Every structure is written in structure tokens, then in C-alpha cells.
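What follows is calculated from the coordinates using simple rules that are stated; it is not laboratory data. Note that the structure is predicted; figures quoted are calculated from it, not measured. Because the Cβ atoms are built from the backbone with ideal geometry, glycine has one as well, and the counts that use them run over all protein chains shown.
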Amino acid sequence: MGRATVIVTRCRLWFALAAIALGAALLVTISRSKPQPEPFRLDETLPPGALVRIGSRKFGPVGGPNKALIGISPDGARLFTCDDDGELRAWDIDSAEGRWRVGAHTDTVAPSGAGVAKRLDMMWDVVWRGYHEPPRDLAVSPDGRRVATCAGAMIRVFDTDDGTCVAEHRTRNMVDAIAWSHDGRRIYRTDEDRLLAWDVDADEETQSAPLGSKYLSVTPRPDGSLAVVAEDRTGPGRIRRLDGTTLASLAPVVALPESWDGARLFDDRGRELVVQYPARTAPRVFHWGWFDPATGEVTPAIDTNGYVFAEVLSKPGRSFVVAGLASMDLVRLADGSKTRIASGSYAGSGIANGGRRIAFGAIGRSRIYDVEAGRRLHGDELIVAPRAFVVSADGRSIVAASDEASVVEIDTDSGRVLRRFDVGTIDDAEFVVSANGRFVGGRTWQGLFRIDLATGEVTTSNQSASQPTMRGDHVIGIGITVNGLAVLDATDDTATPLERGDGNYYSSATFSADGTRVTSGVEAGRFVWDTITGRIVDERPEPFRSLRLEVGARRRILTIRDVACADTPERTAVVTPQDALRIHGSAPHIVVQHDRLLALGAERDGEGVVVVLSADDGRTLATFPEDTGPARDAANRLGAVVRIQFTPDGTRIVSGHGDGTILVWDLDAALR
């Protein structure tokens, strides 16, 4: 091949790549037209094939990677929620009815500077998978007329009355957090070590000079200025006072004492600001006081315990909402008096301040607390975690994680709550049930626990573990201690080190059905340990392999490679659901097997669907909801399937959905 031919071929290749990139950009641009709102009301009728719905769908779903994405109007009358799929909803708090919904960020992809390769990948995801960058923050304007959300490199502003998108602003980099100015004209955000102010009506953006830190906390003040804490992470923090419009400096920089590393400022009272900063000598303790920007002096007030997320609630009482590891409290700064709002861990849950009412996140939903009445509104609505439940051994009840740091036992036939158990926290909860049905065990981020269903007694252990399993009446899990890999026992609070087990074996550890053996391995080989003695009972040099599930062909084919623990030869089964269905994501943990039946989560017309197939030939035997009649409207479609379990007798299927509900389906009737 001659040199000229090579050059021409390369040029054609570059032109082809450029054309693909241009097409990707056009597709993404087309998909980013301003979202259109629509009214919605929740339909409480059961979907076809369902026997019971457990959990409330009101005031949600709520998403957010760092905090719950919720907002409340200044008059406390309306709530705004945004889920991980980018849908923004407005609710009337008193009636708990929906007002409008809009796909605020269902089309938001990577920032514009992400590069051609990532752009193409995002374009593919948008076209075939509906992928988007999840929202990261939500803020209601001080006058209550507008609500803003951000995701990826996009900020959008909506009219709170009807959900109309009134403005949008594309940025160069990812937007993590936003805040309104006191006059409701500008939205502030940070980018690297600079502060930026976007004038929403004029669509103009102002940028500050470098502030010397990427860790900035911004507090808009009623006089139009800004108080900005620039955290150094290597030395004392600094407070700057900036003009809220031009972002020019208004006063000399005030250096904070070194112990104030990580300080946060809140609303002001005259020249003074409320400051909260961590105590270096006492973990999880935070100091509160008054800070005078003119003098740099602080007047101490009170100390609070736990990881603190707080908002100024009301100026006259100077009250704050403090969320810690064990409770959420309303604290008066003047005397430190507390009013309990909720029990359990709500640290970082997200708190929205509406003056007379506040809203806070609770397992993908919102709870409303009325400050004037001193009580929660709609507190009888049951909130459950759709990923954290287990069916009892007799199939008569479901044990699930709920808010208020509780685990609830629910009657399978009626959906009625039978009992509540306090386990300290329910974050990252997983459940298992003993063979005799008497005990339910599990784990949270705080440790292992066991519930005796006969007596109601709860046993907890602070040992952090994964893979909760029942070994007789004992709840065990796998964890890493100072001695390496170990089996942790919640029943007697012990740790059994595993012989020659180190941290490399942690992620692949798998317990046997009776909990007496645990298997794990790496490329160099695998071990089988006795969970009581910790000794190796089997050792093989071949690479460790486990169950693998692969999703392909535009999410319509599921390939199961059954090579668990390398004890059986590789077996490949290909399951192809109906043409109208698509396998939900690539989450193998939602696939379960029962008597040659296979159940997995799929999508149909944007709704989460449970598909039951023959494990032998892949034939579709049933779908839930049953495909009868027209599709439900978008606001009432079931959320994505996040967990599935058969009842022990195989007559029913229980599924957890991303909309915060658990549904019991009549499998026996569907298979007749």
C-alpha cells in the first residue's frame, strides 16, 4: 500500500469519527429540549396480579448521592422531591396529593468537556439504556416562586406553581451543589477554587477570584453579601466576605483557629453569624457559637453530639435541626434544649427548612415535621426499604427495614404491621431467616443483629460484617479484623479468625446454605473454611470462580454461567424474555431460582416488571404486573425491580421496587 493511500485511508477514518461525534452531539442536544411538566395523582389500586402493596408512595421517591433531594416552600405548604432518575415532583403537604411532575434531568449526560470517547458512550447510553447523570442538589428560592435542580453540567429552574422550566444553564464542569441568593435572583455554585454567580433572569454568570481552596461553604446574607468559608485541609480555615453580585471582596480575610478546620456558617443575626465546627479532641462532637466577621471573635454557645447536618429553622428562637447517629433533634442555640423529631440515624439525610415546617429524608421518602404543632404530619404512612426485606420461613409475614431505626414485621395477606423492632440503625440493611423460622438476622453498617420472633428480643453486635447468614440460631457474617479475615457472630459477639485468610479473600467470600462453611479464593486458588473453628477443610489450586451473569443484546438476553465455587462444570443457560421486555440494568443479585423457576427484574413500557421463566429452556411463564389492558400512566408505573424473593411454598413472589414499595404477587394463580 502506497503512502498516499495510507494518508487517504486515515483521513477517511478521521472524517468518519468526526461525523460520529457530530451525530452524537446532535442526538444529545435534541434529547435536551426543555422538559415539559404534567399533573399527576397517585392511583392506589393494586396492579393486575398483585395481592398486597406494602409501603407508602407519597412524598417520594427521593434520591441523591450525598443527601436527600428535597425542598419545601417558605410557607411550609408545598414539598418538592427529586429522584435518582431525575424526575422532580411537587406535593401539597396538607393533603399529601401530587401537583405536578417533570423530567427535570432525565436527559442530562456528561459535562461538555468529557471528551469524544465518553460523549459517544453517553450518547449510546441515552439512546439504548436511557442513562443520565443523576441529580445532586435541589434548592427552593427564598420567595418560593422557583425551584432549582442540578445534575451533571446542567442547572435547571422551574416555576413552583405549574412546573414549567423557566431557565437552564449549562456549565463546563460537574455541578455538585447550588444555593439561592436572598433576593432570589442568583444561583451560586463552586468550580474548583472559585465561586460563580448565575443571574437567572439575565442569564449571565460572574466568577470570583481564586479563593485558595476547593472546599468552600457559602452562606448568602440578607444584606446581599456572602460569607464564604475556604477550608485549607492542611491548616486553619479562612472566612471571606464577598459582594453577592460582583463577587468582589468586601472585607479582609479572617483566619480561623486551626481547630476550626471544617467549619460551616449559617444564617446571620446582625453582624454575627452562627458557626458550627468540629472538636478535635472529641470525635463526633461539634461546637456552636456566634462569629463576628468584623473582629473574628467567637462567642461559644453549645456543643452537640453526632455527625451534624443542620439548617437554621427560625430566626426568633435560633433553632437548628441536628441529625446525629441516634436521633434527629430540634436544638435551641440559646440554652441547648432539645426536642426529639425522629429516632435513628439521619446524618446527612438532607433537611429542608420551611419555617413552620421542615422536611427530611427517610429511606427514599420524605417525612414532614410541623414545628408549631410539635408533631410529624402523615406519620402513619409506612415507609419501607424495598431492597431490605426477607420472607419468613412459613411465608406468613415479611420482615423489612423501616424508618425510625426500626425493623417491621408485616402480615403477608393484609399488609398490616404486626410488630416493630429497634435495631439502632437500618442503613445498608440485609436480612436472613433461620431454618426453623424463629430468628431473623441481618446486618447494617453499624453491625450484625438478631431478632427472636418468638420473644421479640433483639441482640446487636457492633462488629461490622457482610454476607449475613444463619448458622442454626446464630447470625454470622464475614469481616476483617486485626488478625485478618474472620467469621463474626452476633449471637455471642465473637470473632473467629480464618486460617491463612487475609483481606484479598473478603469480596468473594460465600457461605454454604447451613452456614457451616465459607468459601473464597483468588486467581491463585481457593479455600473452604469451617466457620466454627476457622480451620481450612479444603484447598484447591485452580482459580476461584463464582456465579456470573451477563446481560447483552440491548438488555434482552441474560446469560447465566453457573460455575459457583468451581464445584460443578461450567454450564451456560441463555434466557430471552419476551420482545416487549428488557432486562433491568445488569444487576445479577435480583435473579433468584426456585424449583426450576427463574425470576428476574425487567422493564416494560418504562415500568418495573418481574418475569418468571423456566430455568430449563428460558420460556416465559408469567409476568407481574400481568400484561392486561393499556399501560398505566407514567406517575403510577412501578419502579425498577431491586429485589425478588419466592415464598417458601413457591405460591407467591415478593418484589421490592424503586418507588419505595414491596408487592406480593399471586404466582400460583398465574401458573395455573
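Assorted remarks:
- With θ taken as phi - 60° and the Karplus curve 6.51 cos²θ - 1.76 cosθ + 1.60 applied, the whole-hertz 3J(HN,Hα) list for the stretch 594-605 is 8, 6, 6, 10, 10, 10, 8, x, 9, 10, 9, 6 Hz, x standing for glycine and proline.
- Here the gap between Arg376 and Thr494, fully extended at 0.36 nm per residue and compared with their Cα-Cα distance, gives a gain of 38.5 nm.
- Whole-number D in µm²/s for the stretch 316-391 (Stokes-Einstein; Kirkwood sum over Cα pairs; 10 °C, 1.306 mPa s): 119
- Close amide H pairs (under 5 Å, H built 1.01 Å from N) link Val52 with Val664, residues at least 5 positions away or on another chain.
- For Leu382, nonlocal amide neighbours, meaning residues 5 or more places apart or on other chains whose placed amide H falls under 5 Å from its own, are Ser56.
- Summing Cβ point charges (Lys, Arg +1; Asp, Glu -1) relative to the Cα centre of the stretch 43-108 gives a dipole of roughly 140 debye.
- Rounded FRET efficiency, nearest 0.05, which uses the C-beta distance separating Asn436 from Ala248 and R0 of 51 Å: 0.10
- If the segment from Arg396 to Asp502 were pulled out straight at 0.36 nm per residue, it would be longer than the present Cα-Cα gap by 34.1 nm.
- Bins of 10 Å from zero: percent of alpha-carbon pairs in the stretch 438-542: 17, 49, 26, 7, 1
- Backbone HN-Hα couplings from phi across the stretch 185-202 [Karplus 6.51/-1.76/1.60, Hz, Gly and Pro as x]: 9, 10, 10, 9, 8, 10, 9, 6, 9, 10, 10, 10, 10, 9, 7, 5, 6, 7
- Rg/Rh for the stretch 152-224 stands at 0.97; both radii use Cα atoms, and Rh follows the Kirkwood definition.
- Spacing of the two label points (7 Å from each Cα toward its C-beta) at Asp335 and Ser414, in nm: 4.5
- Residues in the stretch 424-440 reached by a label modelled at Asn462 [backbone nitrogen below 17 Å; 7 Å Cα→Cβ]: 424-426
- Computed from backbone phi with θ = phi - 60° and the Karplus coefficients 6.51, -1.76 and 1.60, the 3J(HN,Hα) list for the stretch 431-441 is 10, 9, 10, 6, 4, 7, x, 7, 10, 10, x Hz; x is used for glycine and proline.
- Residue (of Leu382, Gln463, Val423) at the positive-pole extreme of the stretch 348-476, dipole from beta-carbon charges: Leu382
- Straight Cα distances below 19 angstrom link Lys338 to the aspartates and glutamates Asp303, Glu311, Asp329, Asp370, Glu372, Glu404, with same-chain residues fewer than 8 positions distant left out.
- Peptides 623-633, 375-385, 486-496, 50-60 ranked from most to least packed, by the mean per-residue count of other Cβ atoms within 10 Å: 50-60, 486-496, 375-385, 623-633.
- Chain lengthening between Thr516 and Glu205 when straightened (0.36 nm per residue, less Cα-Cα): 105.6 nm
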